[in-house]
Amino acid sequence: MLDALLINLAVDAALLLILWRIAVRIGDVSFIDAVWGGGMAVLAAVSWLQLDDPGLRATLLLAMTVIWGLRLAVHLFTRWRAHGEDPRYARMLGEAKEQGRFAGAALKLVFAPQALLLFLTSLPAQLGILSAPEGAEIGLIGMAGAALWLTGMLFETVGDAQLKAFRADPASKGKVLDTGLWRYTRHPNYFGDACVWWGIWLAAAGAGPWIALASLPGPLFLTFTLTRWSGKPLLEKGLARTRPGYADYVARTSGFFPWPPKQG
């Protein structure tokens with residue numbers, strides 16, 4: 001398994017280096033968000049291809065990761081193409097670009113960390129696939145993981161579609177989306193993301209306790225970054241400045257787990 005993981009790591013590094021060179025050429029790293037999902041799909045596929053007889057459990061883990069990863073990659077790539085450079089990356093690399101240090105800064109601050117975090121976060125898929133015995137069945141734990149994954153996919157897909165429609169409506173300018181799934185959680189897409197990877201982790205855990213333990217950092221880190229680091233906190237900080245009614249929305253709406261809004 002160690003050899004297989006080293007192959008995955010080499011593929012991960014090569015992919016991010018190629019994309020880094022593209023980013024340097026176009027002067028924009030914003031497409032890296034689309035690489036997050038797509039890269040995990042690639043690592044799952046490389047893991048699966050290294051098996052002689054993948055079996056149903058490994059194939060289920062592959063399908064769960066690839067379906068999630070490609071949907072997210074297409075969604076974020078088309079958003080980048082429509083809206084251009086992400087202001088977060090413009091702020092992060094603006095000074096380096098002015099000083100002619102863009103290539104080095106992009107590698108150090110964006111692509112190298114993303115390569116490492118992408119590899120670690122997708123460990124449930126990689127280890128779950130690589131450790132599946134030949135011809136392994138899905139099992140009850142795998143079915144439970146698939147159910148949680150499906151819940152996450154529904155929240156993420158529907159939430160993104162509702163947000164896209166809201167943003168496309170000129171009447172929504174300056175307003176807060178508080179209908180549909182967004183009535184019950186301020187971040188249905190982030191909640192869905194977390195459910196997807198806890199579902200993948202649960203399906204992988206069917207391979208044994210040590211796989212469950214070794215892959216646990218993946219969903220833990222993802223949940224942390226969505227709720228405490230670069231996801232929810234940064235997004236809400238910006239919305240609080242630009243949406244007059246956002247404070248009221250925060251006061252009545254669950255921050256992560258879906259829950260009926262407070263009456264007030």
* If you check TRP201, TRP197, TRP210, which single one turns out to be free of Cβ contacts under 8 Å to residues at least 24 places away in the same chain, of a type outside the set (D, E, K, R) and either within 30 Å of ALA115 (Cβ to Cβ) or not assigned by TED's automatic domain parsing to the domain that holds MET153 (or both)? -> TRP210
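The rows are residues; the columns are (1) touching a Gly at 6+ places or on another chain (Cβ under 9 Å); (2) of a type in the set (D, E, K, R); (3) touching a residue at least 60 places away in the same chain (Cβ under 8 Å).
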{"position": "ALA82", "(1), (2), (3)": "no, no, no"}
{"position": "LYS97", "(1), (2), (3)": "yes, yes, yes"}
{"position": "LEU130", "(1), (2), (3)": "no, no, yes"}
{"position": "ILE141", "(1), (2), (3)": "yes, no, yes"}
{"position": "PHE155", "(1), (2), (3)": "yes, no, yes"}
* Of the conditions (1) exposed (fewer than 13 other Cβ atoms within 10 Å of the Cβ); (2) aliphatic (A, V, I, L, M); (3) under 20 Å from the mean Cα position of the chain (by Cα), ALA204 fails just one. Which one is it? -> (1)
* Among the listed residues ALA146, ALA106, which satisfies the condition of being surrounded by 15 or more Cβ atoms within 10 Å (Cβ to Cβ) and assigned by TED's automatic domain parsing to the domain that holds TRP210? -> ALA146
* **Residue satisfying condition, being in contact (Cβ under 8 Å) with a residue 40 or more places away in the chain and touching a Ser or Thr at 6+ places or on another chain (Cβ under 6 Å), within set ASP86, ASP33** => ASP86
* **So TYR246, is it under 21 Å from the mean Cα position of the chain (by Cα), of a type outside the set (D, E, K, R) and modelled with pLDDT under 95** => no
* To do: List the number of the failed condition for PRO133; all other conditions in (1) part of a loop (DSSP other than H, G, I, E, B); (2) more than 24 Å from GLY218 (Cα to Cα) hold.
  => (2)
* How about the stretch 14-28: which of its residues are exposed (fewer than 13 other Cβ atoms within 10 Å of the Cβ), over 14 Å from LEU118 (Cα atoms) and under 21 Å from the mean Cα position of the chain (by Cα)? -> ILE18
* GLY39 being surrounded by 16 or more Cβ atoms within 10 Å (Cβ to Cβ), closer than 30 Å to ALA165 by Cα and not assigned by TED's automatic domain parsing to the domain that holds GLY238 -> yes
* Within the stretch 71-103, how many residues turn out to be under 30 Å from ALA204 (Cβ atoms) and surrounded by 15 or more Cβ atoms within 10 Å (Cβ to Cβ)? -> 7
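The values are calculated or read from the model by the stated rules, or taken from the named source; none is laboratory data. Predicted model, so just to flag it, every value in this text is computed and none were measured. Don't worry about glycine lacking a Cβ; one is built from the backbone with ideal geometry, like all the others, and counts go over all protein chains shown.
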